[in-house]
Amino acid sequence: MTPRSPQSQAQLRQHNLSRVLHSLADQGALSRAEVAGRIGLTRAAVSTLVDELLRGGLLSERGPGRSGSVGRPGSQLLLANRGPCGFGAEIGVDHLTVCAMDLRGTVRARLERRLRLEGSDPVPVLAELASLLEALAAEAGALGLWPAGLAVAVPGLVARGTATITRAPNLGWSEVDLAPLLPSGAFPLRVDNEANYGALAELWGDPGADGPGSFVHVSARIGIGAAIVVDGAVLRGAHGFAGELGHVPVRPGGPLCSCGARGCLETYAGEAALLRAAGLDLRGDPGERTGELADRCTAQDPAALRAVRQAGTALGIALSGAVNLLDPQRVVIGGSLARLTPWLLPPVRRELARRTMLTAGGRTTETPVTGSLIGPAGPLLGAARSAVRGALDKPARLLAPPGGGLMA
C-alpha cells in the first residue's frame, strides 16, 4: 500500500474534522460515540478529532445526556456559541436585512433598514449594505463572534458559481457583480436567489429534524420565486436560473409583467397584484400590508377573499406543471404568502388535483401542499446558515481566526 503524503493526510484530517462539525450542526448535541456511529469512524479517532476542536474553541462539552443503550451515557458535545459565525444578508425590494448566526444556528444579532429599491442604482445600495454589515460586525464582536462567511440572498437571477446578479427585474438591476462592492475580508462570499435560500432554510430546519428530501418551495414577497430541492440539494439548472416560477405564464394574454412578458404568475399572485385586487393601499410596511390582508380575510371581506382565491388559482396552475414534471414529495408555500395559507391553499390544492396525476401502488395520490413555518424570514435564515455550513467545510480557517475587523 502506498503511504499517504503529509498533504493528503492533512486534507483527510480536515475532512474528518468537518464531518464531526457537520454531524453536530445537523443533529444537535451528540456524544462522542454517537458522532462516531454517524460518520463511520472509530471512537478513538473521533475522540482525537473532538479534542482538537475543543482546544480550538469550536466545541463545548456538557454533562451526560439520555442514552438508549446499555452503559453510562457519554457527555454531550455542542458546537460553540462564540467565535466564528455566519453572516446572512437579504436585499429586498423594500429592505436590507443582515444577521449573525452562531455555529449552533442561533441568530445572535439582526439589523434592518427599510427603503424602496425599485429602479435603484446598485452602487449606493450595496454601499448601504456594506455599512450595515460593518454595524453587524460590531454587534457580533461584542458577543464574542467574528464572521467566517457571508451569504447574500437577492431577488433575481444569479449566474451559477458567481456573485453576479444577471437580472433582477423588481430592482431594475442587470449584470451586477456584488463581490467588489461588498466587504472582501478573509472569508468567502456566496450570493444566491432568495428562493433558494428560503428552501435551504426549510430543508435544514431544526437540528435533528427529518424534513422532506425533495420538494418545491415557493418564496413570495413582492415577487414570486421557487426553489426545487431534489434529494436534499437545490436544483439550479445549467445557468443557475432554475425556479423562476413567478414568470411562468398562467394566462398568456394577461397583464404586462416587469420581465416584459404577459400573464406571468407574478401579475396575479405577487404582493402588489394581491393588494391591488383586494383594494388595499400599496404603500406602507409589507409585513403590515400582508397582515391587513389576512385580517380582512379573517373578517370575511369579499374583496380580500376573492383576491386571495384568484391568486391561489393562478399559483395552482403554475405549480401543476412543476408537480407533473418533478414529482416532489410536497410543495411548501413560504414568504409573505405563508400568512395567507388558510385561504390560499384550498384553490391551490383544487388546481393541483385537477391538473396533476400521480400514482402510487395503483392509487392516485395528491401532492401535499403546506405553509412554511418560517415565512418571510426564510431567505435571510437560509443565507446565514449557508454561510455557517460553508465555514464548517473549512475547519482550518475556523481554528485560525483572522485579525482585525470585518474588512481584514
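Of all residues in segment 314-337, those satisfying the criterion of being part of a helix (DSSP H, G or I) and in contact (Cβ under 8 Å) with a residue 40 or more places away in the chain are A314, L315, I317, A318, L319, G321, A322, V323, L326, S336, L337. For segment 191-229, filtered to residues that are in contact with a Phe, Trp or Tyr (Cβ under 9 Å, 6 or more places away or on another chain) and not hydroxyl-bearing (S, T, Y), the residue that is modelled with the lowest pLDDT is G211. I'd like to know if segment 139-150 contains one or more residues that are among the aromatic types (F, W, Y) and modelled with pLDDT of 95 or more. Taking every residue of segment 139-150 in turn, none turns out to be among the aromatic types (F, W, Y) and modelled with pLDDT of 95 or more. For residues in segment 151-183 being of a type in the set (V, I, T) and more than 14 Å from I91 (Cα to Cα), which is modelled with the highest pLDDT? My answer is T166.
Please go through segment 153-177 and give me each residue that is of a type in the set (A, V, I, L, M, F, W, C) and touching a residue at least 60 places away in the same chain (Cβ under 8 Å), ordered by number. Explain how you work it out, then say what you get.
From segment 153-177, those of a type in the set (A, V, I, L, M, F, W, C) are 153-154, 157-159, 163, 165, 168, 171, 173, 176; that's our starting set.
Those that are of a type in the set (A, V, I, L, M, F, W, C) and touching a residue at least 60 places away in the same chain (Cβ under 8 Å): A153, V154, L157, V158, A159, L171.
Screening A311, A294, A299 for residues that are surrounded by 15 or more Cβ atoms within 10 Å (Cβ to Cβ) and out of contact with any Lys or Arg (no Cβ under 8 Å at 6 or more places or on another chain) leaves exactly one candidate, A311.
Scanning segment 354-384 for residues that are modelled with pLDDT of 85 or more, in contact with a strand residue (DSSP E or B) (Cβ under 6 Å, 6 or more places away or on another chain) and not β-branched (V, I, T) turns up P368, G371, S372, P376, G378, P379, L380, A383, A384. Residues in segment 17-38 that are at pLDDT 90 or above, open to solvent by 20 Å² or more (accessible area, probe 1.4 Å) and either part of a helix (DSSP H, G or I) or not aliphatic (A, V, I, L, M) (or both): R19, H22, R32, A33, E34, G37, R38.
Residues that are touching a strand residue (DSSP E or B) at 6+ places or on another chain (Cβ under 7 Å) and under 20 Å from S258 (Cα atoms) were ranked within segment 165-177; the one that is surrounded by the most Cβ atoms within 10 Å (Cβ to Cβ) is I165.
Among the residues in segment 314-323, are any closer than 23 Å to E202 by Cβ and surrounded by fewer than 16 Cβ atoms within 10 Å (Cβ to Cβ)? Among the residues of segment 314-323, at least one is closer than 23 Å to E202 by Cβ and surrounded by fewer than 16 Cβ atoms within 10 Å (Cβ to Cβ), which makes the answer yes.
Each residue in segment 178-200 was checked for being open to solvent by 40 Å² or more (accessible area, probe 1.4 Å), assigned to a strand (DSSP E or B) and touching a residue at least 60 places away in the same chain (Cβ under 8 Å), and 1 of them qualify. So for segment 216-235 (the condition being free of Cβ contacts under 8 Å to residues at least 12 places away in the same chain, loosely packed, with under 15 Cβ neighbours inside 10 Å and assigned to a loop (DSSP other than H, G, I, E, B)), does at least one residue qualify? Taking every residue of segment 216-235 in turn, none turns out to be free of Cβ contacts under 8 Å to residues at least 12 places away in the same chain, loosely packed, with under 15 Cβ neighbours inside 10 Å and assigned to a loop (DSSP other than H, G, I, E, B).
Mind listing just one residue for me: the one in segment 267-280 that is open to solvent by less than 20 Å² (accessible area, probe 1.4 Å) and not in a loop (DSSP other than H, G, I, E, B) and, of those, nearest to A304 (Cα to Cα)? Only one residue tops the list, namely A278. Per the conditions (1) of a type outside the set (V, I, T); (2) open to solvent by less than 70 Å² (accessible area, probe 1.4 Å); (3) over 26 Å from the mean Cα position of the chain (by Cα), the sole criterion not satisfied by R251 is (2). Give me the residue from segment 72-123 that is open to solvent by 30 Å² or more (accessible area, probe 1.4 Å) and of a type in the set (D, E) and, out of that set, farthest from L203 (Cα to Cα). The selected residue is D121.
The values are calculated or read from the model by the stated rules, or taken from the named source; none is laboratory data. This structure is a prediction, so every number in the text was calculated from the model and none was measured. Methodologically, a virtual Cβ is constructed for each residue, glycine included, from the backbone with ideal geometry; neighbour enumeration extends over all protein chains shown. Quick note on the areas: whole protein, heavy atoms, side chains included, nothing else; ligands and nucleic acids left out. Shrake-Rupley method; radii C 1.70, N 1.55, O 1.52, S 1.80 Å.
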